[in-house]
Structure formats: structure tokens, C-alpha cells
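Enquirer: Mind looking over this structure? Questions follow.
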Amino acid sequence: MLEQLDLTRALSKEEYRARMQPLKFEMTLIGRAVFESRTPVIVVFEGIGTAGMGRAISEVVTRLDPRGYRVWPINAPSVRELRYPWMHRFWLCAPARGELAIFHGSWYRRVLIDRIEKNIPKRAWREAYRDIQDFERTLADDGVIIQKFWLHIDNAEQKQRIKKLLANKALAWRASSEAQSSANRYDDFTRAAEDMFGHTQAEYAPWTLVSGQERRWMNVQIFETLSARLKPFIQNHLPQLTPSELAEQQALDQEN
């Protein structure tokens, strides 16, 4: 799947403004409609280290009512979490009715980082695919809308970003040891990602691959995908604005 992703796509500032402004306004309406329709939503952000997951999440949540979403940053399990079955901590993060649960990293850590770094035996990460499939299928059957994003950049861009971050004392923390490891083992990481797509791509929990080489293009693709994914489930709760009302609201939104 990754070989089909065009990493050269980009938008000018003018193109970005024209496409993104209505999408931002629409995302605000979608967030309200998710709450009013009592629809639970999971949005997963995974990807190559420094591809822009944090920035992408920030763009999305700035358009949402803070009462209607929760962001879950997923790191290595704690000592306490290791006492439970490995999926236990993710069940605790399942969204309430009308809530968006946004994951910065996710249960896919087990078949990516843990696999590559050999933190767990081969049998464990292979068996994890079955657990993940069961987890997502059960949530989807219960009405949870799932959308998964993979943000991708090439190895040269990744190394350049890490170099810039490490040169800045205020930002060096963002070049995590895991990001540096993925840069050094880029081919291993992409092979693991391809294997992951093959095992976990599903109609009820689709993966969308997004180029993170150029941030404007990345943001537009994420917003457009989320809109297309969520609107069919919440359509009856979206306000039906006339063209003049829509233009007025967008103008007010732009001013704010």
C-alpha cells in the first residue's frame, strides 16, 4: 500500500486556505452532531516517527468542543498495566456515546514498535493481530465508528526532521528514542506497517494512508477523510444551513 502513496503532493497557501477553511467549519458542526447523535467515534493516528501525528491531532481538536472529545497518548505499558491482559488498557479508553476518542499511537504499537524492537516474542505480536481484529470488530458491532490514519514520510525527510529537532533544545524532546530508532530501521518499520495493513484493513475499521511530507496537504486529507467517514452516520443531526447562512457562519468562524 505504501508504494502507491504519492509523497510529492503539496498545496500552496492560497489553495490550502480555500480548501481548509470550509473543512474547519464543517468539522465543528460534525463534532456537535457526534455529540447530539450519541455516536461513539475512535480516530487512530499512527505513522512513521516525526510524520506529524501530534500536529495533525492539534489541527483536528481545535475545531471540536472540548467537552466532546478525549485524546489518548499511548506509550509503553506501565508496570501496573503489564499485570493485565495487554488489551485491557485500551478497553478502558473506549469512547462514551457521543464522544470522540482520539489516539496518538494505539494498540498497533504491539505489532510495530514492540515487534521491531523485539520487546515481545514473535508469537506474541503474531497473536496480537487476532486480538486487534476482535477488539475492533466488537466495538464496531456496538456502534463505534472507527477511522485509522497512517502518516508517512520518506526516510530522508524523517532524518532531516530529527536532526532539526535535536539541534533545538526546546524541541529536542520531540525526537524520541523510538522515532530515532524507526529512522535507523526505516525499512523494517515500513515492512511491519505493510504487514499490519494486510491483517487489519477492514470496512468497519479502515486505514487511510496520508503523506506527511507537506503539512498543508496532510491536514486537508485528514479533514476530508474524517468528514466523509463520519457524515453518513450523523447526517440527520447536522444543521441544514442555507447558502447565505453558511457563508455568514464561515465568515464569523474565520474572524474568530
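Every read-out reported here was derived from the displayed coordinates using simple, explicitly stated rules and does not represent laboratory data. As the structure is a prediction and not an experimental result, all values here were calculated from the model. FYI the Cβ positions are ideal-geometry reconstructions off the backbone, even for glycines, and counts take in every protein chain you see.
Enquirer: Convert each backbone phi in region 109-126 into a coupling constant with the Karplus relation 6.51 cos²θ - 1.76 cosθ + 1.60 (shift: θ = phi - 60°), then list the ³J(HN,Hα) values in order as whole Hz, x for Gly and Pro.
Expert: 3, 5, 9, 10, 4, 5, 5, 5, 7, 6, 6, 9, x, 4, 4, 5, 6, 5
Enquirer: Next up: How much length is gained on full extension from residue 3 to residue 235, taking 0.36 nm per residue of separation minus their Cα-Cα distance?
Expert: Length gained between residue 3 and residue 235: 80.1 nm.
Enquirer: Where both partners of a DSSP beta bridge lie in region 11-249, what percent of those bridges are antiparallel, to the nearest 5?
Expert: 5
Enquirer: What are the lysines whose alpha-carbon lies under 29 Å from the alpha-carbon of residue 159, with same-chain residues fewer than 8 places away excluded?
Expert: Result set, ordered by chain and number: 13, 118, 122, 148, 169.
Enquirer: Another question, then. Which residue fluctuates most in the GNM of the chain (Cα springs below 10 Å): 81, 117, 136?
Expert: Of 81, 117, 136, the most mobile in the Gaussian network model is 81.
Enquirer: What number, in percent, do you get for the relative contact order of region 1-156 if the mean sequence gap of Cα pairs under 8 Å and at least 6 apart is divided by its residue count?
Expert: Numbers: 172 pairs, mean separation 55.8, N = 156.
Reported relative contact order: 36 percent.
Enquirer: Further, regarding this structure: With θ set to phi - 60° and the Karplus curve 6.51 cos²θ - 1.76 cosθ + 1.60, what are the ³J(HN,Hα) couplings of region 202-215 in order, to the nearest whole Hz, using x for Gly and Pro?
Expert: Listing the rounded values in order: 8, 4, 7, 8, x, 8, 10, 8, 10, 6, x, 4, 10, 5 Hz.
Enquirer: Where Rh denotes the Kirkwood radius from the mean inverse Cα pair distance, what is Rg over Rh for region 2-108?
Expert: That ratio is 1.03, to two decimals.
Enquirer: Quick one: the Cα spread of the chain along its three principal axes, in angstroms, biggest first?
Expert: 59, 43, 35
Enquirer: Given the DSSP H assignment, sum -39500 (n - 2.57) over each helix run of at least 4 residues in the chain and divide by its residue total; what's the result at 222 nm in deg cm²/dmol, nearest 500?
Expert: -16000 deg cm²/dmol
Enquirer: I'd like the distance separating the alpha-carbon centroids of region 149-212 and region 73-120, in whole Å.
Expert: About 17 Å separates the Cα centre of region 149-212 from the one of region 73-120.
Enquirer: Here's something else I'd like to know. Could you give the size of the charge dipole of the chain about its Cα centre, using +1 on the Cβ of each K and R and -1 on the Cβ of each D and E, expressed in debye and rounded to the nearest 20?
Expert: 940
Enquirer: Then there's this: Set the Förster radius R0 to 45 Å, insert the Cβ-Cβ distance between residue 140 and residue 215 as r into 1/(1 + (r/R0)^6), and round the FRET efficiency to 0.05.
Expert: Details: r = 31 Å, r/R0 = 0.68.
For residue 140 and residue 215, the calculated efficiency is 0.90.
Enquirer: How much length would be gained if the chain were fully extended between residue 12 and residue 166, taking 0.36 nm per residue of separation minus their Cα-Cα distance, in nm to one decimal?
Expert: Here the answer is 52.6 nm.
Enquirer: Can I ask one more? Among residues other than residue 98 whose Cβ falls under 12 Å from its Cβ, what is the net charge (Lys/Arg +1, Asp/Glu -1)?
Expert: Numbers: positive: 32, 38, 67, 70, 97; negative: 36, 65, 99.
Neighbourhood net charge equals +2.
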